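Beneath this line is the structure, given in C-alpha cells, with notes to follow.
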Amino acid sequence: MKVGKVAGTVISTINIPLLDGHRLLLCDVEDLEGKPSGYTIAIDVVDAGVGDTVLILDEGSSARQILGLDHGAIRAVVVGIVDQLVVDGEVRPLN
Amino acid sequence: MQLGQVLGSVVATEKVAGLEGIRFLLVQPLDKTGRPNGETLVAADGVAMAGPGELVYFVASREAAEALPERFVPVDHAIVGIVDDVNLEEE
C-alpha cells in the first residue's frame, strides 16, 4: 500500500460495468516527505474526500477481494483514511 | 488507473491468437493536470466506444487482461472508462 492525498475526483459515465456506481478519486502518491511522486486514479470504498491523506492499495487481487469480485479490471482502491503518520519518531503533518 | 488521451487507432491484421476483434488505440498518458506524461502506448479499448481526442482512463499490467469481454487476452494496457470531468482541488 502507499500513502497519498486525494487531489480530486474523476467523473465518468461510460466505463466498464464493474466501475458502475463507484466514486473515483484522483490521488497524489506521496513520498516520505509528503511530496507527490506521481498519481493514481483509485476506487473509493471509505468515503474519503478531497484533501484527505489516504492509504492506497495498488494490487489487483486484493482490490477484487475488497469489492467481492472474482474477476475484473481494477487495481487501485482507497482503503483507509490516515489519521497520523510517524516518520523517524516524529509526527509528520498531514497538511 | 491513469489518465490518457486517445491519439488514434492501430490496425493489425496479423496478430497472435486471442487479439481478434479487439480495438487498439494509441494513447498518450497524461499527468493529473492533463499534460502529456510518458511515452505513447497502445491500449485495448475495454469500453468499445473510445475515439480519437477523447480523455480516458486506463489500467496497466495483468488487470488490463480483465477489462475485455473475453478474459485473459494478451494485452498490457486497457481503457476502462471515458472521462467526463476531472475535478481538482485548487492548489
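Remark: spin-label model distance A:Glu90-A:Ile14 equals 5.0 nm, labels positioned 7 Å along the Cα→Cβ axis. Per residue of peptide A:15-24, the mean number of Cβ atoms on other chains within 10 Å of the residue Cβ is 4. Take each residue in A:50-60, count the other chain C-beta atoms within 10 Å of its C-beta, and the mean is 1. Summary of packing: across the peptides B:57-66, A:66-75, the per-residue average of other C-beta atoms within 10 Å ranks them, highest first, as B:57-66, A:66-75.
Taking all Cα pairs closer than 8 Å and separated by 6 or more residues, the relative contact order of chain A comes to 27 percent.
Inter-chain neighbour count for A:73-81: the average number of beta-carbon atoms from partner chains within 10 Å of each residue's beta-carbon is 4.
Checking the cross-link filter: which aspartates and glutamates have an alpha carbon closer than 15 Å to that of A:Lys2, excluding same-chain neighbours under 8 positions apart? Those aspartates and glutamates meeting the cut-off are A:Asp28, A:Glu30, A:Asp31, A:Glu33, A:Asp44, A:Asp52, A:Asp58, A:Glu59, A:Asp83. Normalised by 2.2 N^0.38 Å, where N is the number of residues, the alpha-carbon radius of gyration of chain A equals 1.10. Of the three principal axes defined by the Cα atoms of chain B, the extents in descending order read 48, 22, 22 Å. Sorting the segments B:77-87, A:33-43, A:79-89 by their mean number of nearby beta carbons within 10 angstrom, highest to lowest, gives B:77-87, A:33-43, A:79-89.
Throughout, read-outs are computed from the coordinates displayed, never taken from laboratory work. Because the structure is a prediction, the values reported are computed rather than measured. Here Cβ is always computed from backbone atoms with ideal geometry, including for glycine, and neighbour counts include all displayed protein chains.
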